[in-house]
Amino acid sequence: MGYDVHITRRTSWWADEGEQITTQEWAAVVAADSDLEMVQMARVSPRGQDAVVEYRHAWLAQMVTHPERDTHGAWLDWRDGRIVVKHPDELFLKKMREIAEVLGARVQGDDCEYYDE
């Protein structure tokens, strides 16, 4: 589990009603931003374990310029009309706000709080 932060156009990120971010819009944002790359697969090694966990998704991107991308991933996952990030730090939140501005969206936490500047 963990705490997610969402880039969304909806009043509440979990609501069914409201405008969605399309995969075409998401792909265009990633293609136009040199900080981002569509990677389609995340690999992590849980702390204290030798196992590797893989997550595959056609619309998974990575903030390739994030200094901790190799240890914490810095992944952005498009799902159900929004972009989802687990445990973003301040640098990542800043990038999320930039993406939200391009998409005409807002950055909202799991508890529906907004992360506006």
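The values are calculated or read from the model by the stated rules, or taken from the named source; none is laboratory data. Model, not experiment: these values are computed from the prediction. Heads up, the Cβs are rebuilt from the backbone with ideal geometry, glycines too, and the neighbour counts pull from every protein chain shown. Side chains are part of the model used for accessible areas, which takes the heavy atoms of the whole protein and leaves out ligands, DNA and RNA. Shrake-Rupley method; radii C 1.70, N 1.55, O 1.52, S 1.80 Å.
Of all residues in the range 19-41, those that are part of a loop (DSSP other than H, G, I, E, B), out of contact with any Gly (no Cβ under 8 Å at 6 or more places or on another chain) and either of a type in the set (A, V, I, L, M, F, W, C) or open to solvent by less than 50 Å² (accessible area, probe 1.4 Å) (or both) total 3.
If you filter the range 46-94 down to residues that are basic (Lys, Arg) and over 10 Å from the mean Cα position of the chain (by Cα), you find that the one that is least open to solvent (accessible area, probe 1.4 Å) is Arg69. Return yes or no: is Thr8 among the polar types (S, T, N, Q), modelled with pLDDT of 95 or more and buried (at least 17 other Cβ atoms within 10 Å of the Cβ)? Taking the combined requirement at face value, the residue satisfies it.
For first residues located in the range 50-75 and under 18 Å from Asp4 (Cα atoms), partners that are acidic (Asp, Glu) and in a strand (DSSP E or B) and lie 6+ apart or on another chain with Cβ distances below 8 Å form the pairs His57/Asp77; Trp59/Asp77; Leu60/Asp77; Ala61/Glu37; Ala61/Asp77; Gln62/Glu37.
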